[in-house]
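Have a look at the structure below, then the notes.
The values are calculated or read from the model by the stated rules, or taken from the named source; none is laboratory data. These numbers were taken from a predicted model, which means no experiment stands behind them. Cβ: placed from backbone, ideal geometry, glycine included. Neighbour counts: every protein chain shown. When the accessible area is computed, the model is the full protein with side chains, heavy atoms only, and any ligands, DNA or RNA have been set aside. Shrake-Rupley method; radii C 1.70, N 1.55, O 1.52, S 1.80 Å.
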Amino acid sequence: MEKSMSMAPLLLMVLCLPFALGWHDYNQALSKSILFFEAQRSGYLPHNQRVTWRANSGLNDGKASGVDLVGGYYDAGDNVKFGLPMAFTITMMSWSIIEYGKPMAANGELGHAMEAVKWGTDYLIKAHPEPYVLYGEVGDGNTDHYCWQRPEDMTTDRHAYRIDPSNPGSDLAGETAAAMAAASIVFRRSNPAYSSELLHHAYQLFDFADKYKGKYDSSITVAQKYYRSVSGYNDELLWAAAWLYQASNNQYYLNYLGKNGDSMGGTGWAMTEFGWDVKYAGVQTLVAKFLMQGKAGMHAPVFERYHQKAEHFMCSLIGKGTRNVQKTPGGLMFRQRWNNMQFVTSASFLATVYSDYLASSKGTLRCAAGNVAPTQLLSFAKSQVDYLLGDNPRGTSYMVGYGNNFPRQVHHRGSSIVSIKVDSKFIACRQGYAAWYTRKASDPNVLTGAVVGGPDAYDNFADERNNYEQTEPATYNNAPLLGILARLGSGHSGYNQLLPEAVPVPKPVAAKPKAEPKAKSTPNPGTCFV
């Protein structure tokens, strides 16, 4: 990770270790990362769909429940729409745009990024048909995992599951409120009416989450095996309050953070992870920003405690805290065997924005091992992204389609089965396992931009479709990465991330489908050209 000779050996070294020099095309990686979300779309695909091997799917979602739930995103390699990770994905995509929309615009990707957010928020609006009703899942993991089918061929149960006052879900409603609030900031200048609509939903959802308290997986029990809310709902309530304050400037939400910070764990939990379930480190980072902006007022003592916990998280990432994050021999953060990369991208995003908050406030990070310059946090985030893109012992890019040596057998139904546009013959539930899942060949459709689960604790990785712990991608792996890649691709510094958010108006996205960006032709790491 952290991470005089003759010309001939030098040339040989350069040709053998192209990634060892640490140079990556972050702008190209950003373009590909956004493209992945188009492959995950459910519903009627738009005229400017660029991932052309996909077609319409899930067109009757919600119909049996008398509600239109067509649209949204499939979370990973399956065909279920899970509300909690989908909402977190939208929040993190929005946060990426809020912080780094300007470099995205300079790269020509802001329009695509905002379309990716809107594809999610359009669905979340549908999923919230009444103030105290929110649909949190369509389909269920058990029947879905029994089948290996293209989304276009789905024959699995598409039951819709909801929360309401009798069956509450504060974590789900809270995260969805956060997503709506964050997205309202994204569209404030380019689409003010839509921005207001999102903020209206966010207000209602926060009220629902706070008034009828309960864990969503106690109400939507089919989610327990897949997206169990281990952390409970207090973190989501604080997270939603932070985003609502940022979106509305309404003092009520700032007071909520101040009054409930201690009792709800915001100032108590010293975290070493951040993701779709556990939001405390994200809350602490946002509240630290409010403190640096001079907005804490009478809550300054409580906000300082949030701030201390945010610093604990940052120090643990760079190995200078009292309890540090585990890393692989090659330097990658390691949290768990199954889809470890989700924690890498989420934590790296927090490190990136916190580095910029500190630099903007002329501050330093206070760690047990001494003070740390903001640039060290950004260097850490860069090291993690560089590892993901190929600077690792295997020389493997864990982003599909980036570089030459990337996963070819991704655990993903759509990419692993021939496109319905190439062969329209129906593929039955179990037939997909027999004909496609067990194939040893590369996927017929390249899932461009997908970030897979990644290597184990020893940097080992097996590119096999049935190795779902390592080869399955997820939307929430990619969402935080958008911001980091935009930041690293811009290379700029000296700007103030503590000023009010001003997402630029994007240039219109081309109506005609553009070809998917080609994988960059670079020498395969580990291959020598002599």
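Could you sort out which of 211/507; 32/421; 215/362; 215/259 sit more than 31 Å apart by Cα distance in this structure? Spell out each step's value before the answer.
On the way: 211/507 41 Å; 32/421 22 Å; 215/362 40 Å; 215/259 22 Å.
From the list (211/507; 32/421; 215/362; 215/259), the Cα-Cα distance tops 31 Å for 211/507; 215/362.
3J(HN,Hα) along region 425-436: 4, 4, 10, 6, 3, 8, 4, x, 5, 5, 8, 10 Hz, from the Karplus curve 6.51 cos²θ - 1.76 cosθ + 1.60 with θ = phi - 60°, whole Hz, x for Gly and Pro. Using a probe of 1.4 Å on the protein chains alone, the accessible area found for residue 47 is around 140 Å².
Think of each Lys and Arg Cβ as +1 and each Asp and Glu Cβ as -1; about the Cα centre, that makes the dipole of region 212-342 roughly 240 debye.
Phi angles of region 109-115 translate, via the Karplus equation with coefficients 6.51, -1.76, 1.60 and θ = phi - 60°, into HN-Hα couplings of 10, 4, x, 5, 5, 5, 5 Hz per residue; Gly and Pro are given as x. A simple rule links phi to the HN-Hα coupling: the Karplus curve 6.51 cos²θ - 1.76 cosθ + 1.60 with θ = phi - 60°, which for region 243-256 gives 6, 5, 5, 4, 7, 10, 6, 7, 4, 3, 6, 5, 5, 4 Hz, with x for Gly and Pro.
The alpha-carbon of residue 63 sits under 23 angstrom from the alpha-carbons of these lysines, leaving out residues fewer than 8 places away in its chain: 81, 118, 126. Looking at 308, 218, 251, which one has the Cα that reaches farthest to the positive end of the dipole of region 198-330 (charges on Cβ: Lys, Arg +1; Asp, Glu -1)? Value computed over the given set: 308. Under 26 Å of direct C-alpha separation, and excluding same-chain neighbours fewer than eight residues apart, residue 327 reaches these lysines: 3, 279, 309, 382.
Once the dipole of the chain is set up with Lys and Arg at +1 and Asp and Glu at -1 on Cβ about the Cα centre, which of 77, 460, 505 lies farthest towards its positive end? Result: 505.
So for region 156-302, considering every pair of alpha-carbon atoms, how many percent are separated by more than 21 Å? Please list the in-between numbers first.
Details: 4770 of 10731 pairs.
I get 44 percent for the Cα pairs in region 156-302 exceeding 21 Å.
Over region 26-490, the pair-distance histogram of Cα-Cα distances with 20 Å bins from zero comes to 26, 60, 13, 0 percent, rounded to whole numbers. Less than 5 angstrom separates the built amide H of residue 81 from those of 138, all sequence-distant by 5 or more or on a different chain. Placing unit charges on the Cβ atoms of the charged side chains and taking the dipole of region 26-490 about its Cα centre, the candidate lying farthest along the positive direction among 48, 346, 392 is 392.
Restricting to DSSP H runs of at least four residues, report the calculated mean residue ellipticity at 222 nm for the chain, -39500 (n - 2.57) per run over all residues, nearest 500 deg cm²/dmol. Present the calculation step by step, with values, prior to reporting the outcome.
Values: 18 runs with 232 residues, N = 530.
After summing the helix terms and dividing by residue count, I get -14000 deg cm²/dmol.
What dipole magnitude, in Debye to the nearest 20, does the chain give about its Cα centre under +1 on Lys/Arg Cβ and -1 on Asp/Glu Cβ? Mind dumping the intermediate values first?
Working: 49 positive and 45 negative charges, 164 e Å.
For the chain, the charge dipole is close to 780 debye.
Note on region 247-309 and region 139-209: Cα centroid distance 24 Å, given to the nearest whole angstrom.
Among the trypsin sites (Lys or Arg not before Pro) in region 382-442, those located in a DSSP loop and surrounded by at most 10 other Cβ atoms within 10 Å of their own Cβ are 425, 440.
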